[in-house]
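Notes for the one structure printed next.
Derivation of every value follows stated rules applied to the coordinates shown; laboratory data play no part. None of the values given here were measured: they were computed from a predicted structure. Positions of Cβ are backbone-derived with ideal geometry, glycine not excepted, and every protein chain shown enters the neighbour counts.
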Amino acid sequence: MFDFLQYGFIQNALLIGVALGLAAAFLSPYLVLNQQAMIADGLAHVSFTGLILGILLADEAIVIAIPFVMIASLLIKYLSQAKKINNDAAIGLVSAVSFAIGLILVKSSRGFNISIESMLVGNIFTASPLEITLSLLILGIIALFITFFYRPLFLITYDADYARFAKVKVNLLSYTLAGLTAFFIVVGVRTIGILLISALVIFPSVIASQWTKSFRMTLIFGLCTSVIIVILGIFIAHPLEIPAGSTIVVIYAILMMLSLGIKSLLRRA
């Protein structure tokens, strides 16, 4: 039944899928509970232009895309904090302009021969060794960052003003979190897709918060759920020959609807 696990590309897909799933789950509560979930979607659109530039300028597109998207994430953070622009508006401004530039580059570049559809939905089964290495690297960096700065990040998430009063380096940690989110998004876009990567960040905390009462348990529940759903999605997608990223997102959506339905029934009981 599990004979396909002997294939290298399946093993690689599981490795990168679990790594990205865990990285997204680590980020999820700090972004979702701080009402910054849409930054993942905005940066996914920015990464489109970053990857286009990378394809046109370098042998490995991701080498150009990572710094490009990280700069965009810092710009969003700067606009929302220093210039007092609403966070959603800052995300919309930067992502819309970046995406528009990307479309212009695609249209005006004669040598561009990459499928736009493949960039939108990704393909986890064709992950390169570099992408696998980067996915493990970003998981390690995010896990260490969250572990060492768990308490100050928790304070920033719920009350940034109190965090400043408690002498937490709010700006430094916020900008670092934004940069790590950008790094994760670029790596994830190549395998999960531009249209779907933000779902990996949003779903873990939304689902976990239905069943947990503490921030720590929300984080742990999200990590466990993410691993299970990513593996299940890959196991279902491969034999059916459907996109694994799309399958993972659909399973997440089904689980969320089941969670909401069960919670509603329990309240009535």
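Decide, for region 1-68, between rounded, prolate and oblate: order the square roots of the alpha carbon gyration tensor eigenvalues as a ≥ b ≥ c, take rounded if a/c falls under 1.5, and otherwise choose prolate if a/b is larger than b/c, else oblate. Taking the square roots of the gyration eigenvalues as a ≥ b ≥ c, region 1-68 is oblate. When exposed loop sites are taken as chymotrypsin sites (Phe, Trp or Tyr not before Pro) in a DSSP loop with at most 15 other Cβ atoms within 10 Å, the longest stretch of the chain clear of them is 8-111. Of the residues K263, K213, the one with the fewest other Cβ atoms within 10 Å heads the list, and the complete ranking is K213, K263. What is region 198-240 by shape, rounded, prolate or oblate, if you read a ≥ b ≥ c off the alpha carbon gyration tensor as root eigenvalues and call it rounded for a/c under 1.5, prolate for a/b larger than b/c, and oblate otherwise? Prolate is the answer for region 198-240, as a/c is 1.5 or above and a/b outweighs b/c.
Using a Gaussian network model of the chain in which every pair of alpha carbons under 10 angstrom is joined by a spring, one finds that among V249, V201, V189 the greatest mean-square fluctuation is at V249. Here's how it looks for V168: its modeled amide H is under 5 Å from none belonging to a residue 5 or more places away or on a different chain.
How many lysine pairs does the chain hold where the Cα atoms are under 25 Å apart and the two sit 8 or more places apart or on different chains? If you can, show how the numbers build up before the last one.
Details: K77/K167; K77/K169; K83/K167; K83/K169; K84/K167; K84/K169; K213/K263.
Pairs that pass both the separation and distance tests number 7.
Going by the alpha-carbon gyration tensor, a ≥ b ≥ c the square roots of its eigenvalues, is the chain rounded (a/c under 1.5) or, if a/c is not under 1.5, prolate (a/b greater than b/c) versus oblate? Oblate, since a/c reaches 1.5 and b/c is not below a/b.
Loop-located trypsin sites (Lys or Arg not before Pro) in region 161-198 (DSSP state other than H, G, I, E, B) with a sparse environment of at most 12 neighbouring Cβ atoms within 10 Å: K167.
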